[in-house]
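In what follows, a structure is listed as structure tokens, so that the remarks can point back to it.
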Amino acid sequence: MMRNLLPMNTITAFMIVKNEEQLLARCFESMRGVVDELAILDTGSTDGTVAIIEKEAAAGHFQRVQLGHHEFKDFGSARQANLDLVTTEWALWMDADELLSPMLRARLLEMRQSGHLEDHDGWDIHRANRVLGRVMKSRRLAANFVLRLFRAKKGRLTDSLVHEGMIMDEGCSIGTLNEPILHDTMLEIGPYLEKVSMYTTLDVANPNDKKFNPLHMLITGPHTFFKDYVLRGGLVDGWPGFVWCSISAWTCVQRDGKRLVRDFKRK
């Protein structure tokens, strides 16, 4: 229950979703009692995602649950359309494969009750990334802070096709929260590879993406694996670390292969 929370500190969690029936319920549960409203944009689910959202709305755990529908073209425009649904003072960017940790829940409640949420215009939050169930310790994934909580009217999304980020108005102050959002980066290898394929397709569709380079394609896989596994410490994460670094290397090769096909078609 939300008691003694300052009204100017109301928070809406905004999310874009597609076929997330296995993850949504636990994500919602982690936000109950901390977040006031949900603003969800469905981009074409064919499973039980919409039914789960409607069930959550009927349960009354949140003051309001908005459900919109959006034809997906890219992540930047979809996320901005999602943010545009937010009418509260504060917006919390969440994804279905993320959870508010118990520590973060407690910290946000304390900040709302004390008014310390207002100390900054936005908050970088530590994201603890889990691969195949293991919280990663390597530098690439462990030292991961993302701007996820901010005054809704002072932020906007980059127009990136993929890997979108937040841009805050000039002069905004940004604080840091070390209590983590838990992010299941990779729950299963197969679905993650499908996600990688979508991301690389969007990457090469960018008009500013670089041209295919055969030398780069030859060296990018081994170089990326060595950098992530050895130099950035992926080897400390055991089998999940090896899998993660291998797929990162494959991603780079796949992206170059799609550049080759794209540039050939343009000739």
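The values are calculated or read from the model by the stated rules, or taken from the named source; none is laboratory data. Worth saying up front: this structure is predicted, and the values here are computed from it rather than measured. Ideal geometry is used to build each Cβ from the backbone, glycine not excepted, and the neighbour counts take in all protein chains shown.
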Inset, instruction - Within the range 140-162, identify whether any single residue is under 22 Å from residue 19 (Cα atoms), under 13 Å from the mean Cα position of the chain (by Cα) and either of a type in the set (Asp, Glu) or outside any strand (DSSP E or B) (or both), and answer yes or no. - result: yes
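Would it be correct to say that residue 170 is surrounded by fewer than 16 Cβ atoms within 10 Å (Cβ to Cβ) and part of a helix (DSSP H, G or I)?
no
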Legend entry - Counted residues, the range 101-125 - those being within 24 Å of residue 135 (Cβ to Cβ), assigned to a helix (DSSP H, G or I) and among the hydroxyl-bearing types (Ser, Thr, Tyr): 0
Legend entry - Among (1) buried (at least 17 other Cβ atoms within 10 Å of the Cβ); (2) in a helix (DSSP H, G or I) - the single one residue 88 does not satisfy: (2)
Inset, instruction - Output the number of residues of the range 174-195 satisfying the condition of being touching a helix residue (DSSP H, G or I) at 6+ places or on another chain (Cβ under 8 Å) and either without any contact (Cβ under 8 Å) to a residue 12 or more places away in the chain or of a type in the set (Gly, Ala, Ser) (or both). - result: 1
Inset, instruction - Scan the range 218-225 and give yes if some residue there is touching a Lys or Arg at 6+ places or on another chain (Cβ under 9 Å) and at pLDDT 95 or above, otherwise no. - result: yes
Legend entry - Hits in the range 7-34 (condition: aliphatic (A, V, I, L, M) and touching a Ser or Thr at 6+ places or on another chain (Cβ under 9 Å)): 11, 16, 17, 24
Legend entry - Residue list for the range 216-229, restricted to those being surrounded by fewer than 17 Cβ atoms within 10 Å (Cβ to Cβ) and closer than 22 Å to residue 130 by Cβ: 227
Inset, instruction - Could you tell me which residue of the range 230-267 is surrounded by the fewest Cβ atoms within 10 Å (Cβ to Cβ), considering only residues that are in contact with a Phe, Trp or Tyr (Cβ under 8 Å, 6 or more places away or on another chain) and among the small types (Gly, Ala, Ser)? - result: 246
Inset, instruction - Have a look at 111, 15 and point out the one that is crowded, with 17+ Cβ neighbours inside 10 Å and within 16 Å of the chain's Cα centre (by Cα). - result: 15
Inset, instruction - Filter the range 65-85 down to the residues that are under 18 Å from the mean Cα position of the chain (by Cα) and among the charged types (D, E, K, R), then identify the one that is surrounded by the most Cβ atoms within 10 Å (Cβ to Cβ). - result: 79
Inset, instruction - For the range 195-215, indicate whether the set of residues that are farther than 24 Å from residue 76 by Cβ, in a helix (DSSP H, G or I) and outside the structural domain of residue 131 (by TED's automatic domain parsing) is non-empty. - result: yes
Inset, instruction - Kindly indicate which of 156, 148, 130 is of a type in the set (Lys, Arg), buried (at least 20 other Cβ atoms within 10 Å of the Cβ) and on the phi < 0 side of the Ramachandran plot. - result: 148
